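Here is the structure we will look at, set down as structure tokens.
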Amino acid sequence: MSRIAKMPVTIPAGVDVTVGEQSVSVKGAGGLLTLTQNMLVKISSDAGKLSFSAANETREADAMAGTMRQLVNNMVVGVSKGFEKKLTLIGVGYKAQATGNKLNLTVGYSHPVNIDMPAGITVATPTPTEVLIKGADRQRVGQIAAEIRAVRPPEPYKGKGIRYSDEKVAIKETKKK
């Protein structure tokens, strides 16, 4: 059996998990998240813990048990604590401004770039060169961060662009005569 699937998911106080025939829903302070249930995985709930096991003895069912466990764990952590990604803008004149559910980027193009945030995702700019993306759904937070980074990815010669705050960009040496 998968090592990840062997560990039960502990449900903290204030989080309500409902396991149905077709889906698993997690409700908490961060909102409501649902996930369609895979038929290869059996989910059992007892005393504030969720246990995951493979429905049959195939490799696919074993792998899916670990995947489902981690997805449900991410949902539980998301509705209780939330997830965040931090982006940094590096370059002369590069700045970001968050207004409501929109992010306005000035990153060296002849026009400003406006990005709308989907429901459940909040964006903040503590400084003009930092963007903070928060939400309960880990996948959506990461996807939005990747889309913002793709507007102007860091280039390898000066390092200008939008990067994750913990990302290291390898700077290339320029050509020499």
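The values are calculated or read from the model by the stated rules, or taken from the named source; none is laboratory data. As the structure is a prediction and not an experimental result, all values here were calculated from the model. Cβ placement follows ideal geometry from the backbone for every residue including glycine, while neighbour counts extend to all protein chains displayed.
Only one of the listed residues (Val131, Val141) is modelled with pLDDT of 95 or more, among the hydrophobic types (A, V, I, L, M, F, W, C) and more than 13 Å from the chain's Cα centre (by Cα). That residue is Val131.
Examine segment 40-51 for a residue that is at pLDDT 90 or above, closer than 26 Å to Ile144 by Cα and surrounded by 13 or more Cβ atoms within 10 Å (Cβ to Cβ), and state whether such a residue exists. No - not one qualifying residue is present in segment 40-51.
Considering Tyr94, Tyr109, the condition of being farther than 27 Å from Gln37 by Cβ, among the aromatic types (Phe, Trp, Tyr) and exposed (fewer than 14 other Cβ atoms within 10 Å of the Cβ) is satisfied by Tyr109 alone.
The rows are residues; the columns are (1) assigned to a helix (DSSP H, G or I); (2) acidic (Asp, Glu); (3) in contact with a strand residue (DSSP E or B) (Cβ under 9 Å, 6 or more places away or on another chain).
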site	(1), (2), (3)
Pro12	no, no, yes
Glu57	no, yes, no
Ala63	yes, no, yes
Val79	yes, no, yes
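One residue alone among Leu71, Leu105 is in a helix (DSSP H, G or I) and out of contact with any Ser or Thr (no Cβ under 8 Å at 6 or more places or on another chain), and that residue is Leu71.
When segment 81-91 is examined, which residues are found to be part of a strand (DSSP E or B) and crowded, with 18+ Cβ neighbours inside 10 Å?
Within segment 81-91, Phe83, Lys85, Leu87, Thr88, Leu89 qualify.
For every residue, the table says whether it meets (1) touching a Leu at 6+ places or on another chain (Cβ under 9 Å); (2) under 14 Å from Ser53 (Cα atoms).
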| residue | (1), (2) |
| --- | --- |
| Ser2 | no, yes |
| Ala13 | no, no |
| Val24 | yes, no |
| Gly28 | no, no |
| Leu32 | no, no |
| Thr36 | no, no |
| Lys42 | no, yes |
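What are the pairs with Cβ atoms under 6 angstrom where one residue, in segment 47-59, is within 17 Å of Asn74 (Cβ to Cβ) and the other, located anywhere, is among the aliphatic types (A, V, I, L, M) and assigned to a helix (DSSP H, G or I)? Sequence gap at least six, or different chains. Between residues of segment 47-59 that are within 17 Å of Asn74 (Cβ to Cβ) and residues that are among the aliphatic types (A, V, I, L, M) and assigned to a helix (DSSP H, G or I), the close pairs are Phe52/Ala5; Phe52/Ala65; Phe52/Met68.
In segment 1-17, of all residues being surrounded by 15 or more Cβ atoms within 10 Å (Cβ to Cβ) and of a type in the set (Val, Ile, Thr), the one that is nearest to Asn56 (Cα to Cα) corresponds to Ile4.
Results for (1) closer than 30 Å to Leu50 by Cβ; (2) among the small types (Gly, Ala, Ser); (3) not in a loop (DSSP other than H, G, I, E, B), shown as yes or no for each residue.
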{"site": "Val76", "(1), (2), (3)": "yes, no, yes"}
{"site": "Gln97", "(1), (2), (3)": "no, no, yes"}
{"site": "Pro118", "(1), (2), (3)": "yes, no, no"}
{"site": "Lys134", "(1), (2), (3)": "yes, no, yes"}
{"site": "Ile144", "(1), (2), (3)": "yes, no, yes"}
{"site": "Pro154", "(1), (2), (3)": "no, no, no"}
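With respect to being in a strand (DSSP E or B), aliphatic (A, V, I, L, M) and not assigned by TED's automatic domain parsing to the domain that holds Ile133, Leu32 fits the description. Scanning segment 119-151 for residues that are charged (D, E, K, R), surrounded by 15 or more Cβ atoms within 10 Å (Cβ to Cβ) and more than 18 Å from Asp166 (Cβ to Cβ) turns up Asp137, Arg140.
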